[in-house]
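Presented below is the structure to which this report refers.
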Amino acid sequence: MSNAIAETPEVNGPASYIKIAEDYSRTPGGRKKVTGPFSGEEFREKLLVPHLKSALSGHGYVNVVLDGVAGYPVSFLEEAFGGLVRVDHFAKADLNNVLKITANSGRFQTYSDLARRFIETAENE
Amino acid sequence: MDLNGGDTSRHIVSITSDVSFGGSHTSGLIIVFLTALLGASLGFLSNFVLTYLKARSDNSTNIWNKYCDSITVAGNYSSEYWCLPMQSVLPGNASEKAKALKIQGQHLEAKIIGIQQYLINLEAMLDKEIPDADLADLKVAREDFYISLSGGDFLERNGQQAVERARKVQFDAAVYVALVQKGIRERLKTRTILRRLGQVMAIRFAKRKSS
């Protein structure tokens with residue numbers, strides 16, 4: 001059973017999954033690309049933004065599955081998810097409609113809550 | 001009349017009354033014995049239940065005391081990390097001191113991520129122990145703590161000490177520890193136990209009614 005956070009909206013249409021542990025890395029790095037591999041910035045640019053743009057144009061949604069990694073630095077989550085609003089200027093309402101952040105295990109629930117919190121509190125740069 | 005000229009019926013009555021007296025005495029003893037046995041069993045049972053509940057409660061309290069200790073340890077690692085004048089990306093001509101600081105910092109980064117994951121692994125269990133009224137505040141404090149712990153410029157240091165950050169992580173750790181301890185203490189209060197018992201009974205009653 002999925003433990004997606006309560007604030008995660010009900011989204012409809014075809015799902016596009018990003019399983020971070022399988023599609024990106026089991027050991028996510030820090031915030032920016034310059035400081036090392038598997039950064040939040042790289043994840044956002046290479047995976048998250050293209051999937052979200054595709055979902056927004058095709059009326060589907062993106063489901064980001066957080067499980068399976070060896071822990072997230074919170075700076076990674078802030079850059080990946082907060083950066084969607086702060087850097088890429090996605091509207092929070094659009095993200096509510098097309099982005100689902102899933103933690104299938106309770107061990108990743110807090111990361112899911114944090115990612116959603118970063119989207120809600122982010123401001124455009 | 002018997003052969004000796006005695007009154008048989010009188011003799012029989014006498015024997016019967018002796019037997020009857022002996023039976024009632026035995027029954028009394030059995031009743032006393034059973035009552036004592038029942039009392040001892042009830043005493044043993046209640047003592048066993050109380051000891052079990054206390055051991056369970058002590059065990060649970062120990063787990064959460066260790067959990068709080070780990071929050072403090074995580075805060076200490078993090079403060080040490082934020083106070084290091086380390087640089088995540090070293091220039092080609094980096095000094096030996098800069099290299100040593102980077103290694104020390106990377107060691108702390110690994111420890112912080114490890115202990116953060118340990119704390120997160122136990123959260124689902126912790127949340128079941130915390131009364132609903134305290135859970136929302138606890139979750140906010142927890143998120144603030146993790147943001148201080150490994151947010152911001154974590155893994156991305158520029159060679160400057162971040163002393164404010166080092167203080168903030170200690171503050172957030174202290175708030176989180178206090179709320180965990182408050183929640184656990186609240187759980188052990190009698191009225192909380194009774195309320196939970198009431199909730200369980202209400203749920204069972206509702207299930208029975210619906211089926």
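Every number in this text was worked out from the coordinates using simple rules, so none of it is lab data. Remember, predicted model here, so these are calculated numbers, not experimental data. We place every Cβ from the backbone using ideal geometry, glycine too, and count neighbours over all the protein chains shown.
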query: Within the range A:36-59, how many residues turn out to be surrounded by 19 or more Cβ atoms within 10 Å (Cβ to Cβ) and within 14 Å of another protein chain (Cβ to nearest Cβ)?
result: 5
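Just give me the residues in the range A:24-35 being more than 10 Å from chain B (Cβ to nearest Cβ) and within 13 Å of the chain's Cα centre (by Cα), in sequence order.
Residue satisfying the conditions is A:TYR24 alone.
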task: Give just the number: which of (1) under 12 Å from the mean Cα position of the chain (by Cα); (2) within 14 Å of chain B (Cβ to nearest Cβ) does A:LYS19 not satisfy?
output: (2)
- prompt: Which residues, counting only those in the range B:116-137, are over 17 Å from B:ALA74 (Cα atoms) and either of a type outside the set (Asp, Glu) or facing another protein chain (nearest Cβ under 10 Å) (or both)?
  reply: B:ALA124, B:MET125, B:LEU126, B:ASP127, B:LYS128, B:ILE130, B:PRO131, B:ALA133, B:LEU135, B:ALA136
field: From the options A:PHE81, A:PHE108, residue that is among the aromatic types (Phe, Trp, Tyr), out of contact with any Ser or Thr (no Cβ under 8 Å at 6 or more places or on another chain) and within 11 Å of another protein chain (Cβ to nearest Cβ)
entry: A:PHE108
query: Quick one: B:SER150 ticks every box in (1) among the polar types (S, T, N, Q); (2) at the interface with chain A (Cβ under 8 Å from one of its Cβ atoms); (3) over 19 Å from B:THR72 (Cβ atoms) bar one, so which box is it?
result: (3)
